[in-house]
Amino acid sequence: MDAPEIPGGRFEEHRTQLRAVAYRMLGSLSEADDAVQECWLRYSRSDTSQVRNLAGWLTTVVGRICLDMLRSRTGRAEVPLEGVHVPDPVVAPLTGEEAAVRTEEVGLALLVVLDTLSPAERVAFVLHDTFGVPFDEIAPLLDRTPAATRQLASRARRRVRDAGQGGERPDARRQREVVAAFLAAARGGDFDALVGLLDPQVTLRADTGGAGSRLVRGAAEVASQATAFRSAAMHAVPVLVGGEPGLAAVVGGRAVSVMSFALVPDGHGPAGAVRELNILADPRRLARLGVAEVLGAAPAERGH
């Protein structure tokens, strides 16, 4: 006789995976948690005794929930300035061999690209390309045919590829070297050194949550932000941002900024140059994400 199922036990086995799906869909950790909680409620009210592939069933359920949440964003004032929004970063300490890229996380540059997709494109792409859900299972969520769903994912894939995302991540050692060089140049206010690290078409996206948010393009224009970079760099330490080397600045026990770096991949320009900088400097969001707590008591002091 089979042992009785522990309430929620089967669901808990899949919670981490479901949160990863929701985070890629939404780019918000709090909304991802909300989506997973709603998925749990629907699971608890459903008879899943005949479901052979519970992981697949739960993934499609959380996919539908995320689709509804993405659609509900239309018309809501969530972006501080048009085109300037940095998704929630997943920040972790960086020490020695722990700098290896963690495959279960996703970089901010990819999340920024995903934010440009329509809800249907994002759902089709994330569920199929990242989590391997068949198109015939995604199609009912979108009220499309499998063929139309395939086309949605294909369009999204091209957008991701054209943005230099979606391929293999750059070498972690090279990423760490670039971040260290950027930190040194920023602390020294070295304009020429900063320009030398940047792709000519580099994009800087700084999200402060309001006034001061900005979108800057071009190596010289981005390097001209040297004063702001220097101020943050004096309190910055290397961290992992979405599993990739980045920087976080903490002052007086409060996080003031998180910066992620996206490098030019092979075949897209000067390999290894910084092609995108994403900075989250919204104090309310950083506090909600608990960045300072993740990094410990005095990360700023360790940076000197």
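Shown here: region 97-231, whose C-alpha atoms stretch 56, 38, 25 Å along the first, second and third principal axes, sorted largest to smallest. As a length-normalised measure over Cα pairs under 8 Å and 6 or more apart, the relative contact order of the chain settles at 18 percent. With helices as the sole contributors, the chain gives -13500 deg cm²/dmol at 222 nm; each DSSP H run of n ≥ 4 counts as -39500 (n - 2.57), and the sum is divided by every residue.
Sort ASP68, ASP207 by Cβ crowding within 10 Å, fewest neighbours at the top.
Values: ASP68 13, ASP207 23.
Least to most surrounded, the residues fall as ASP68, ASP207.
Annotation: extensible slack from THR116 through VAL84 equals 10.4 nm (criterion: 0.36 nm per residue apart, minus Cα-Cα distance). Compute the acute angle (0 to 90°) between the alpha-carbon long axis of helix 29-44 and the principal axis of greatest extent of the alpha-carbon atoms of the chain; round to the nearest 10°. Its long axis makes an angle of about 10 degrees.
Modelled this way, with points 7 Å down the Cα-to-C-beta line, the labels at GLN151 and ARG284 are 4.1 nm from one another.
How much length, in nm to one decimal, is gained on full extension between GLN201 and ARG173, taken as 0.36 nm per residue of separation minus their Cα-Cα distance? Extending this stretch completely gives an extra 7.8 nm.
Using R₀ = 25 Å, calculate the FRET efficiency as 1/(1 + (r/R₀)^6) where r is the Cβ-Cβ separation of ASP34 and ARG254; round to 0.05. Calculated transfer efficiency: 0.45. For TRP57 and GLU13, what is the calculated FRET efficiency with R₀ set at 22 Å and r taken between the beta-carbons, to the nearest 0.05? The formula returns an efficiency of 0.95 here. Of interest is the spacing of the C-alpha centroids, which for region 172-218 and region 117-161 amounts to 33 Å. For region 172-302, the residue among GLY189, SER260, ALA211 whose Cα projects farthest onto the positive side of the dipole built from Cβ charges is ALA211. With semi-axes defined as the square roots of five times the eigenvalues of the C-alpha gyration tensor, the equivalent ellipsoid of the chain measures 36, 22, 17 Å, largest first.
With an 8 Å Cα cut-off and a minimum separation of 6 or more residues, compute the relative contact order for region 172-302 in percent. Intermediate values should be presented prior to the final figure.
Working: 246 pairs, mean separation 35.0, N = 131.
So the answer I get is 27 percent.
Readers should treat all values here as calculations from the given coordinates under stated rules, not as data from a laboratory. None of the values given here were measured: they were computed from a predicted structure. Cβ coordinates were reconstructed from backbone atoms using ideal geometry, including for glycine residues, and neighbour counts include every protein chain displayed.
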